[in-house]
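Step one of this worksheet: look at the structure below.
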Amino acid sequence: MLEVRLTMPDGRIAVHPAPAEERDAAFGGFPKNSVLTLFDPTPEELGRVARAFHLDEAYLRDALDPLERPRVEVGETEDGAPVLILVLGLPHQNGDAASDGRPGSMPYGVMPVSLVHLKDHLLVVARRAHPAILDVLDGRRAPVATHMKTRLTLLIFQAVAEAYLAALRELRALSRAIERRLRAAHRNRELFMLLGVNKSLVYFASALRASVIVYRRLLAGRDLKLYADDADLLRSALVDLEQAEELTALHADRLSTLMDAYAAVIHNNVNAVLKVLTTLTVVLTLPVLIAGLFTINTRLPFEDAPWLFGLLLLAMIVSGGALVLYFYQRNFLRW
């Protein structure tokens, strides 16, 4: 979806649908100092924007590649104007993948987001709209005008860092809930769920390492002009991002250890069940053997005696009880 955001005279940021293609030429279709958002764009929308701003379409398609890593790229338009491309990784939730327990399902993934800085415009490209990005662009996070491209970019950087911290809190709560279920688990479902959480952390770690490099490069001031307030905002975002990187590494190490430990717990739980079942089988062997001897089609001593049934029943109870006591004292019937 292609939309245009523009600051109105009253300070409100208005959202307009994209203009018709015939009005795109020479920037005529897109107001000066506006922000263009392309969330889940069609090939036609990518082509329209690329033609309108004389851009290489590859600059816009980068954000649609789920494997694109955070980076900074400096380029130029077809007519020689400078272009700054910032690619970030933004955590996003994968619906109900956290609760289905399927192998490979991840509760969170990382979505590339491209910020393309032109002389009078800012382009935001992503595979889907994300609340963190929309809050910044619509002015709900902090008052800002669309001509303040650097401030908008830094606010998005801050929103990305906080989104990682929020996602890590959710993953931590999810892993704790799975741990409680694993204590009495005899199946692999819970381990698969932990595996999905661990895969999310692996993607987080990769994106965060690259994002920290991007933030530090921009903080040096070579690619983006920063005022004092802008530098402070970027430093604050960098601190949050580095904290998210450390927490990701900590949670990943902890989760790997837990997965190994709980795999052993599940194995022990299954062994305990098999031990109890085996013990009960042995306990029932003598009573079944005694009963079987007196049900065969062969004459046996005292088979007509009226007291024989009571004696056999007592023998089965005593033999079974003796075996139960024996195995109980040796912890074979205890969890």
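Flag not set for Ser256, criterion: surrounded by 14 or more Cβ atoms within 10 Å (Cβ to Cβ) and under 30 Å from Ala163 (Cα atoms). Annotation note: Cβ proximity below 6 Å between a residue of region 46-59 that is more than 14 Å from Leu118 (Cβ to Cβ) and a residue that is of a type in the set (D, E, K, R) (sequence gap 6+ or interchain) occurs for Leu46/Glu57; Arg48/Glu21; Arg48/Asp24.
When region 80-105 is filtered for residues that are surrounded by fewer than 16 Cβ atoms within 10 Å (Cβ to Cβ) and modelled with pLDDT under 85, the ones remaining, listed by number, are Gly80, Asn94, Gly95, Asp96, Ser99, Asp100, Arg102, Pro103, Gly104.
Here are Thr77, Thr37: which of them is modelled with pLDDT of 90 or more and either β-branched (Val, Ile, Thr) or within 20 Å of Ile156 (Cβ to Cβ) (or both)?
Thr37
Can you tell me which residue in region 234-271 is farthest from Val202 (Cα to Cα), limited to those that are at pLDDT 80 or above and of a type in the set (Asp, Glu)? Once the filter is applied, the top-ranked residue is Asp240.
Within region 1-34, restricting attention to residues that are surrounded by 13 or more Cβ atoms within 10 Å (Cβ to Cβ) and among the acidic types (Asp, Glu), the residue that is modelled with the highest pLDDT is Glu3.
Of the residues making up region 113-154, those that are surrounded by fewer than 16 Cβ atoms within 10 Å (Cβ to Cβ) and touching a Phe, Trp or Tyr at 6+ places or on another chain (Cβ under 8 Å) are Asp120, Arg128, Ala129. Of all residues in region 290-321, those being assigned to a loop (DSSP other than H, G, I, E, B) and not acidic (Asp, Glu) number 12.
I'd like the residue in region 212-228 that is surrounded by 15 or more Cβ atoms within 10 Å (Cβ to Cβ) and in a helix (DSSP H, G or I) and, out of all such residues, is nearest to the chain's Cα centre (by Cα). First the steps, then the outcome.
Our first condition is that a residue be surrounded by 15 or more Cβ atoms within 10 Å (Cβ to Cβ); within region 212-228, this holds for 212, 214-215, 217-219, 223-224, 226.
From the residues that got through so far, the ones that are in a helix (DSSP H, G or I) too are 212, 214-215, 217-219.
Values: Val212: 19, Val214: 22, Tyr215: 22, Arg217: 27, Leu218: 27, Leu219: 28 Å.
For region 212-228, the residue satisfying everything is Val212.
The lone criterion from (1) in a helix (DSSP H, G or I); (2) touching a residue at least 24 places away in the same chain (Cβ under 8 Å); (3) surrounded by 14 or more Cβ atoms within 10 Å (Cβ to Cβ); (4) in the same structural domain as Ala161 (by TED's automatic domain parsing) left unmet by Val324 is number (4).
For region 67-86, what are the residues that are touching a residue at least 40 places away in the same chain (Cβ under 8 Å) and among the acidic types (Asp, Glu)? Selection gives Glu68 alone. Residues considered: Ala231, Ala244, Ala207, Ala237. Of these, the only one that is surrounded by fewer than 20 Cβ atoms within 10 Å (Cβ to Cβ) and assigned to a helix (DSSP H, G or I) is Ala231.
Answer with yes or no whether Leu274 is modelled with pLDDT of 80 or more and exposed (fewer than 13 other Cβ atoms within 10 Å of the Cβ).
Spelling it out, Leu274 is indeed modelled with pLDDT of 80 or more and exposed (fewer than 13 other Cβ atoms within 10 Å of the Cβ).
The values are calculated or read from the model by the stated rules, or taken from the named source; none is laboratory data. Since we're looking at a predicted model, the values are computed, not measured. Using ideal geometry, Cβ is built from the backbone for each residue, glycine included, and neighbour counts are taken over all protein chains shown.
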